[in-house]
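This report refers to the structure that appears directly beneath it.
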Amino acid sequence: MEKRSLEEQFKDVLPLLEKYSRKATIVDETTVLQTENTAIRKIIDSMMTQVLLPGSEMRGTNHIQEFLKLTNEGKKGIILAEHYSNFDLPCLLHLMENGSAEGKELSKKIIAIAGMKLSEDNKYVSALAEAYDRIVIYPSRTLNSITDEKILADETLRSRKINLAAMKALEKERNDGRVVLVFPSGTRYRPGKPETKRGLREIDSYIRTSDVMMLISINGNCLRISDDPSNMMGDIVCKDKIVMEASTVFDTATFREDAMTWHPDAEDRKQNVVDYVMHILAQMHDKNEEGRLS
């Protein structure tokens with residue numbers, strides 16, 4: 001496959017995305033819970049079959065089985081995954097669903113936490129995001145980039161309303177047995193910018209309010225960030241062998257204690273917990289990269 005932008009490679013499906021999209025591109029406190037658009041989900045699953053090379057797989061089926069069992073028994077579960085591209089969630093759910101019966105069952109329980117940029121950025125990006133159940137939040141990083149005092153005040157108020165509604169929606173979904181999936185870095189990793197791979201401090205609150213946790217490493221990338229990261233439709237599509245691995249299942253209370261053993265002198269306990277998550281994900285990533293393309 002010649003390397004083309006997302007817009008170029010899938011130009012034939014863009015009219016379908018626009019046709020089936022709900023076109024709900026403005027996020028407020030009444031629209032944080034967004035349910036799967038089944039028509040668009042089918043389109044994206046077809047796109048995945050075009051970009052995933054043979055050998056792409058979800059490893060750790062036994063861990064998925066254990067995690068599913070515990071969450072079916074009523075444990076509140078969280079999945080934390082590496083983040084490299086806007087195809088990470090589609091690839092993850094596609095590989096999980098097609099990897100095993102338990103993976104298929106778990107994939108239907110997952111609801112993702114998504115930043116509002118996916119909904120508001122571009123009509124096609126917004127349409128693609130509709131394919132999956134998600135709860136939309138206002139990322140803290142967005143406020144950090146605002147310099148105008150009046151705009152900052154208005155957006156701070158907006159962010160509080162959106163995030164409060166999001167947390168209420170999340171609690172209800174979890175009480176209904178849903179499993180939350182979060183990308184702890186809060187953004188896609190960009191080579192040469194190590195800060196984009198550091199986990200966000202607020203992820204600790206998601207961990208603390210969960211009972212069990214599973215991590216997922218991601219090796220390979222079918223949608224690489226272009227020279228203009230702000231233009232998501234300009235991301236470069238390329239076939240790749242994607243290898244994902246589900247970790248052992250962690251008891252979250254024990255995990256948070258282990259994080260302090262890992263770094264007992266940490267001044268910020270919450271950030272340290274998230275750093276420990278990213279440390280384990282990095283180890284998993286390095287292990288799975290060995291021989292991936294051989």
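Miscellaneous remarks
- Residue count, segment 207-236 (criterion: surrounded by fewer than 21 Cβ atoms within 10 Å (Cβ to Cβ), in contact with a Gly (Cβ under 9 Å, 6 or more places away or on another chain) and among the small types (Gly, Ala, Ser)): 1
- Single unsatisfied condition, residue 146 versus (1) in a helix (DSSP H, G or I); (2) free of Cβ contacts under 8 Å to residues at least 24 places away in the same chain: (1)
- Residues of segment 241-271 satisfying the condition of being over 30 Å from residue 294 (Cα atoms) and hydrophobic (A, V, I, L, M, F, W, C): 250, 253, 255, 259, 260, 262, 266
- Given (1) more than 30 Å from residue 204 (Cβ to Cβ); (2) under 20 Å from the mean Cα position of the chain (by Cα); (3) not in a loop (DSSP other than H, G, I, E, B), number of the condition residue 7 does not satisfy: (2)
- Restricting 254, 196 to residues that are in a helix (DSSP H, G or I) and in contact with a Ser or Thr (Cβ under 6 Å, 6 or more places away or on another chain) narrows the list to 196.
- Subset of segment 10-21 (residues that are outside any helix (DSSP H, G or I), touching a residue at least 60 places away in the same chain (Cβ under 8 Å) and over 24 Å from residue 96 (Cα atoms)): 21
- Residue tally, condition of a type outside the set (Lys, Arg) and touching a Pro at 6+ places or on another chain (Cβ under 9 Å), over segment 172-206: 6
- Taking the numbered list (1) under 19 Å from the mean Cα position of the chain (by Cα); (2) of a type in the set (Lys, Arg); (3) farther than 20 Å from residue 130 by Cα in turn, residue 69 passes all entries but (1).
- Residues of segment 237-294 classified as exposed (fewer than 14 other Cβ atoms within 10 Å of the Cβ), among the β-branched types (Val, Ile, Thr) and within 20 Å of the chain's Cα centre (by Cα), total: 1
- The residues of segment 79-109 that are among the hydroxyl-bearing types (Ser, Thr, Tyr) and assigned to a helix (DSSP H, G or I) amount to a single one, 107.
- Extreme residue, farthest from residue 269 (Cα to Cα), among residues of segment 202-234 that are among the acidic types (Asp, Glu) and under 17 Å from the mean Cα position of the chain (by Cα): 202
- Subset tally (residues that are over 21 Å from the mean Cα position of the chain (by Cα) and of a type in the set (Ser, Thr, Tyr)) for segment 22-60: 1
- Number of residues in segment 22-78 that are part of a helix (DSSP H, G or I), touching a residue at least 40 places away in the same chain (Cβ under 8 Å), surrounded by fewer than 16 Cβ atoms within 10 Å (Cβ to Cβ) and basic (Lys, Arg): the value is 0.
- Here residue 111 clears all of (1) under 27 Å from residue 241 (Cα atoms); (2) of a type in the set (Val, Ile, Thr); (3) surrounded by fewer than 20 Cβ atoms within 10 Å (Cβ to Cβ) except the condition numbered (3).
Just so you know, all these numbers are worked out from the coordinates, no wet-lab data involved. Since this is a predicted model, take the numbers as computed values, not measurements. Neighbour counts run over all protein chains shown; Cβ positions are idealised from the backbone, glycine included.
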